[in-house]
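Okay, structure first, notes after.
The values are calculated or read from the model by the stated rules, or taken from the named source; none is laboratory data. Bear in mind that the values here come from a model prediction, so they are computed numbers and not experimental data. As a convention, Cβ positions derive from the backbone with ideal geometry for all residues, glycine included, and neighbour counts pool all protein chains shown. Accessible surface is based on the protein model in full, side chains and every heavy atom, while ligands, DNA and RNA are left aside. Shrake-Rupley method; radii C 1.70, N 1.55, O 1.52, S 1.80 Å.
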Amino acid sequence: QVHLVESGGGLVQPGGSLRLSCAASGTIIRLNVMGWYRQAPGKQRELVADITWNGITNYADSVKGRFTVSRDNAKNTVYLQMNSLKPEDTAVYYCHAAGVVVPGNYLPNYWGQGTQVTVSS
């Protein structure tokens, strides 16, 4: 069993910064891709950023230059540094792991429970 637990959400003023963390627990050999999605009220869940095991990153156009995704493989943890936040970044942010290798198995997807990010003055 694998669990993803996010932390770091909250309320921030426009132009401010937040850092999200997501730690994966369980008997994990490797997490091939880790990343972040978000879902605003009335909208579909969308990819924000993700990063492969060997550090290749991918960003949504709307966050390029403002957000940075990183990971610590030894800790099975992924981070999202969010700078220059805008009101339109307000959403529930979900941690995601894809291609989870555990002893004797390969699991496609895991999701965290989500953390609220609100950007407002």
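Please work out which residue is surrounded by the fewest Cβ atoms within 10 Å (Cβ to Cβ), limiting yourself to region 93-110 and to residues that are touching a residue at least 60 places away in the same chain (Cβ under 8 Å) and farther than 10 Å from Met34 by Cα.
Residue satisfying both the conditions and the ranking: Pro103.
Quick one: which of Glu46, Glu88, Glu6 is touching a Cys at 6+ places or on another chain (Cβ under 9 Å) and either free of Cβ contacts under 8 Å to residues at least 60 places away in the same chain or surrounded by 12 or more Cβ atoms within 10 Å (Cβ to Cβ) (or both)?
Just a single option satisfies the conditions, and that option is Glu6.
Give, as residue ranges, the strands (runs of 3 or more DSSP E) completely inside region 1-98 that count at least 1 residues that are under 13 Å from the mean Cα position of the chain (by Cα), aliphatic (A, V, I, L, M) and under 18 Å from Gly112 (Cβ atoms).
Working: elements: 3-7, 10-12, 18-25, 30-39, 46-52, 57-59, 67-72, 77-82.
Per the criteria, 3-7, 18-25, 30-39, 46-52, 67-72, 77-82.
Which members of region 64-85 meet the condition of being within 19 Å of Ala23 (Cα to Cα) and open to solvent by 10 Å² or more (accessible area, probe 1.4 Å)?
Answer for region 64-85, where residues must be within 19 Å of Ala23 (Cα to Cα) and open to solvent by 10 Å² or more (accessible area, probe 1.4 Å): Thr68, Ser70, Arg71, Asp72, Asn73, Ala74, Lys75, Asn76, Thr77, Tyr79, Gln81.
Could you pull out the residue among Tyr37, Tyr94 that is modelled with pLDDT of 95 or more and in contact with a His (Cβ under 6 Å, 6 or more places away or on another chain)?
The conditions single out Tyr37.
Within region 9-43, work out how many residues are open to solvent by less than 80 Å² (accessible area, probe 1.4 Å) and either aromatic (Phe, Trp, Tyr) or over 17 Å from Met82 (Cβ atoms) (or both). Spell out how you get there, then give the answer.
Just the residues of region 9-43 that are open to solvent by less than 80 Å² (accessible area, probe 1.4 Å), to begin with: 9-10, 12, 14-18, 20-26, 28, 31-40.
Still in the running and either aromatic (Phe, Trp, Tyr) or over 17 Å from Met82 (Cβ atoms) (or both): 23-26, 28, 31-33, 36-37.
Qualifying residue count, region 9-43: 10.
Based on what the data block shows, is Thr118 within 15 Å of the chain's Cα centre (by Cα) and modelled with pLDDT of 95 or more?
no
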